[in-house]
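In what follows, a structure is listed as structure tokens, so that the remarks can point back to it.
The values are calculated or read from the model by the stated rules, or taken from the named source; none is laboratory data. It should be emphasised that the depicted structure is a prediction, and the values quoted were computed from it without experimental measurement. Heads up, the Cβs are rebuilt from the backbone with ideal geometry, glycines too, and the neighbour counts pull from every protein chain shown. To get the accessible areas, we keep the full protein, side chains included, count just its heavy atoms, and leave off ligands, DNA and RNA. Shrake-Rupley method; radii C 1.70, N 1.55, O 1.52, S 1.80 Å.
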Amino acid sequence: MDGTSAAHSLSAPSRRAFLQGAGAAAGAFVLGCFVPFGERAVAAGAAAQGPFDPNVFVRIASDNTVTLVCKHFEMGQGVTTGLATLVAEELEAPWSDMRFEFAPNEAALYKNLIFGVMGTGGTTSIANSWVQMRQVGAAARMMFVAAAAERWRVPASEIAVENGVVSHDRSGRRARFGELAAEAMRMPVPAEVTLKPPGAWKLIGQRLPRLDSVSKTTGRAVFSFDVRRPGMLVAVVRRPDLFGATVRSFDDREARAIDGVVDVVQVPSGVAVLAEDTWTALRGREALKVDWDTGKAETRSVEDMLAEYGALADAKGLPALRRGDAEAGLARAAKVYEAEFTFPFLAHAPMEPLNCVIDLSDDGVELWSGCQLQSIDQAAIARVLGLKPQHIKINPLFGGGSFGRRGNPMADWTKEIAHVAKAVGRRVPIQLVWTREDDIKGGFYRPLVLHRVRAGLDGGGRIIGWRHKIVCQSLFVGTPLESSLVHDGIDETSVEGVVDTPYEIGNFAVESFNAQSLIPVLWWRSVGNSHGAHAMETAIDELARLAGQDPVAFRLALLADKPRDAAVVKLAAERAGWGQALPAGRGRGFAYHSCYNTRVAMVADVAVARSAIKVDRIVAAVDCGVAVNPDIITAQIEGAVGFALSACLRNQITFADGVVQQTNFDDYAPTHMSEMPQVEVHIIASHADATGIGEPGVPPLAPAIGNAIFAATGKRLRSLPFAAKALG
Amino acid sequence: MIRLNVNGTAHDLDVSPEMPLLWVLRDRLQLTSAKYGCGRALCGACTVHIDGEAARSCSVMAGDAVHTEITTIEAVAGKVAEAVKTAWQSLDVVQCGYCQSGQIMSAITLLNANKTPSDADIDAAMDGNICRCGTYLRIRQAIHMAAKAIA
Ligand code: FES
Ligand code: FES
């Protein structure tokens, strides 16, 4: 597909789950069809179904400014700029006139075409908007032409639109958008539009400045943490130290005695202290005495859980994939490779801790939130307060990062604020604040995972059998989403990155095991790919060495019929100087992964000295279809490296007697500036449909680094975070 | 009652002298550019200037900030501040933006003290400012760009 025809359907690089119709009335989220394995399935709902009324998505003012009504949540990924680019391209608006605001919560108008409801995630924003937003821009342009034709009484075919100016050469008439906007936007919406061919693009593919740069460099950008309503109270919630514990009783006398503490209420998640300001609320919470019922709480350590994971993996798992006959292949193997990988629980730790503001009024409820799954949050609040979803107005604001945490299908913190408001029982605006400690200790982690790989090579060094076991706590088993998102016991998000590998592996069996715990888990930037890619890319590297082959050549042989994948592998290798000798103590490692229809290869240069790992350079090659804004793509890869590096080197959530041992940025330390490697990003020129870039930079980083550590030291680190001590 | 001079204006405030400056700014003065990220001087999101020097407002008690000049990014001005903001914008440093007020305030202090910082100087001065979105490479580049602009 060249992406230029109006009647063209989007291929869905789906987050496999199409979140449809959060059915609050029924009391449970109704989630729609679960579409496995992205590239193999295209959801009917994912097609851009024009015509779209431009009035829904753009407002053109008399001062010529064009305001995109952005249906997606901006958490730093640059979506406001990306969507505005698509509209401006077809509208022929000058970039300097583009503005944006966030769309109100009206799913019928602003749904994610892949999810079927309003929501952002799964690297779907550009993918689902790629045709739609260009159609919107094109339709608006045609409406300007129609309006000018009517006003000037000239044939529409003689009217040109360029750079925000509508003109008719023969009569010498010209009008800027602002002059014609009122008339234009009342014109009938064209039933069909023709999109520009790539050769005519002026903005797509250019480095356009981000639309949110100025507000975010002057302190003017508003996050929900910054919302200040008259009389607003701040609520902090004391939650149990142990997951699964509940409030038995509490004593709030000392808390209430603090000047400025206004109320203390019990909610399902714990006990909330409300005060006139944040500091007083925090002091009130400290003064609170809560007696917890820990009888049913989770008390296992990570080691305990991993021992159980290991025992589980000794049995036979659920068949997530069966291709050829893995066991027969392994039986014939000349060499057999076996390895085990473990992956810790991880917190998302977005820079802005969770928070939101609620205000109950006669008309319903207003929520101010960095809200990623608006439809789900809306339904959750409605359910708690016994209202209808349409009574919940959401004011979406910038999110100070998310990495998955703000898009919780369980709507944990949104429900929490609704419960606080309900328990307080009077009309006062409330801001719910999570501290960093609350965030790190608060669960909804990337699950603990174990991978066990057994793979065999034939005499020629070719893979002839691969059995892969994955033990993972499902994101959905045991939740209301299980019935719609888990099929025959298999949660796609547990096994992705493995079952959908682009490598040609003929005899391939993947078994899935659902571990259980009371630790709440959630998707974490790149979801299952965050571990699946690491196991695959480490194993492939080890197999290449076992076969006596170059790791890049070994990969290319497995991608012989996948030209797009192979091109990315080759580009990264070439730009990184793959094959060049490095000084002692330094190593170069390769990894390649494809997810969300975006392909990323990374070459890591690593120095190891006295068991300290220093990543010097990452060279990345990317194919995400049309590069709508190459600078934002580059930034997302740089950012993914910064985000994933600390997970690779040190981050993990552990428990002592059930209590989370990490608290803040000292013992759960993100990457610091001094650790940041140089990052080079090379983007494949492509006219294929634009996909996305928010997540795909994460999966290849850790295996590229691990493979480089092996190259530098001859020591193989498999489990994450890398135990640098073992290099000593 | 304590008196704080913030962005050139004196405010008489009925707050405990122990309240962290961050919460006085955000909750009492509605100046929300300084952000809460950790509350323990571990991230730099709350960085403001106290007498022209970068300070972690989450870890400064309001009572200790009387008789000082407190400046937030809303009011920070001058050649260095302008150069830094301009460089940040022209390199599109920001992603989510939540850390960036603090990053910019730290960078201004660095450049006020050192007009030609090396990468190592930048790392040393900025290492306490966490960016979870990983915008560090651009921050470093932007500081170099601002340094050139003010040279
Ligand atoms: S909030 Fe002050 S340093 Fe993190
Ligand atoms: S830009 Fe998001 S934390 Fe720095």
Under a 1.4 Å probe, counting only protein heavy atoms, residue A:276 has an accessible area in Å², nearest 10, of 110 Å²
For chain A, share of DSSP beta bridges that run antiparallel, in % to the nearest 5: 75 percent
In debye to the nearest 20, how big a dipole does the protein assembly as shown give about its Cα centre with +1 on each Lys and Arg Cβ and -1 on each Asp and Glu Cβ? 1000 debye
How long, wide and thick is the stretch A:509-643, going by the Cα atoms along their three principal axes, in whole angstroms, largest first? 49, 41, 33
Carbon and sulfur %, accessible surface of the stretch B:79-150 computed with the full protein complex present, 1.4 Å: 56 percent
Once B:40, A:134 are ranked on solvent-accessible area with the largest value leading and a 1.4 Å probe, the list reads B:40, A:134
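From other protein chains only, count the Cβ atoms within 10 Å of every residue's Cβ in A:671-682, then give the mean. Mind showing how you got there, number by number?
Working: counts 5, 8, 18, 8, 3, 8, 2, 1, 3, 0, 0, 0.
Per-residue shielding by partner chains comes out at 5.
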Please work out how much accessible surface residue A:504 shows to a 1.4 Å probe, ignoring ligands, DNA and RNA, in Å² rounded to 10. 100 Å²
Rh (Kirkwood, all Cα-Cα pairs) for chain B, Å, reads 15.4 Å
Sorting check: for A:82-95, A:525-538, which peptide has the highest mean count of neighbouring beta carbons within 10 Å, and how do the rest follow? A:525-538, A:82-95
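Which whole-number value in Å² is the accessible area per residue of the stretch B:2-71, probe 1.4 Å? Before the final figure, lay out each step's value.
On the way: 2610 Å² over 70 residues.
It amounts to 37 Å² per residue over the stretch B:2-71.
Counting only C-alpha contacts under 8 Å and six or more residues apart, can you give the relative contact order of chain A as a whole percent? Provide the component values of the computation, followed by the final result.
Numbers: 1705 pairs, mean separation 107.7, N = 728.
Relative CO of chain A lands at 15 percent.
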Mind checking which lysines have their Cα closer than 20 Å to the Cα of residue A:570? Skip sequence neighbours fewer than 8 apart in that chain. A:562
Would you work out which of A:604, B:149, B:61 lies farthest towards the positive end of the dipole of the protein assembly as shown? Charges go on Cβ: Lys and Arg +1, Asp and Glu -1. A:604
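With viscosity set to 0.890 mPa s at 25 °C, what whole-number translational diffusion coefficient in µm²/s follows for the stretch B:79-150 from Stokes-Einstein and a Kirkwood radius over Cα pairs? Please report the intermediate quantities before stating the final value.
Working: Rh = 11.6 Å.
Roughly 211 µm²/s, to the nearest whole number.
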Go through the stretch A:424-452 and flag every residue whose accessible area shrinks by 20 Å² or more with all protein chains in place compared to the isolated chain (probe 1.4 Å). A:436, A:437
Along the dipole axis of chain A (charges at Cβ: +1 for Lys and Arg, -1 for Asp and Glu; origin at the Cα centre), the most positive-end residue among A:145, A:80, A:292 is A:145
Accessible area in the full protein assembly, largest first, 1.4 Å probe, for A:550, A:623, B:14, A:412: B:14, A:550, A:412, A:623
A plus B alone minus the pair: what accessible area, both sides summed, probe 1.4 Å, in Å² to 100? 4600 Å²
List the residues of the stretch B:110-150 whose accessible area drops by at least 20 Å² when all protein chains are present, compared with their chain alone, using a 1.4 Å probe and counting only protein heavy atoms. B:123, B:127, B:130, B:132, B:133, B:134, B:136, B:137, B:138, B:140
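When ranked by the protection proxy of mean other Cβ atoms within 10 Å per residue, highest first, what sequence do the peptides A:565-575, A:401-411, A:694-704, A:607-617 form? All intermediate terms of the calculation are to be shown ahead of the outcome.
Working: A:565-575: 20.6, A:401-411: 24.5, A:694-704: 30.3, A:607-617: 15.5.
For the peptides A:565-575, A:401-411, A:694-704, A:607-617, the packing ranking is A:694-704, A:401-411, A:565-575, A:607-617.
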For the charge dipole of chain A, defined by +1 on Lys and Arg C-beta atoms and -1 on Asp and Glu C-beta atoms about the Cα centroid, which residue among A:583, A:693, A:333 has the Cα displaced farthest towards the positive pole? A:583
Once you have a ≥ b ≥ c as the square roots of the Cα gyration tensor eigenvalues for the protein assembly as shown, tell me rounded if a/c is under 1.5, and otherwise prolate or oblate according to whether a/b is larger than b/c. rounded
Of B:144, B:67, A:672, A:687, ordered by accessible area with the largest first and a 1.4 Å probe, the sequence is B:67, A:687, B:144, A:672
Averaged over residues of B:40-47, the number of beta carbons from other chains lying within 10 Å of each residue's Cβ is 4
Would you mind computing the Rg to Rh ratio of the stretch B:2-71 from its alpha-carbon coordinates, Kirkwood style for Rh? 0.91
Using protein chains only and a probe of 1.4 angstrom, how many square angstrom of residue A:327 are accessible, to the nearest 10? 90 Å²
In terms of Cα to Cα distance under 19 Å, which lysines are near enough to residue A:614, apart from those fewer than 8 places away along the same chain? A:715, A:725
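On average, how many beta carbons from a partner chain sit within 10 Å of the beta carbon of a residue in A:346-354?
Details: counts 0, 0, 1, 4, 5, 17, 9, 6, 0.
Mean partner shielding for this stretch: 5.
Given the peptides A:658-671, A:628-641, A:233-246, arrange them by the average over their residues of other C-beta atoms within 10 Å, most packed first. If you can, show how the numbers build up before the last one.
Values: A:658-671: 19.1, A:628-641: 26.1, A:233-246: 21.6.
Those peptides, ordered most packed to least, come out A:628-641, A:233-246, A:658-671.
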Taking the 0 to 90 degree range and rounding to the nearest ten, how far is the long axis of helix B:100-113 tilted relative to the main principal axis of chain B, both from C-alpha atoms? 70 degrees
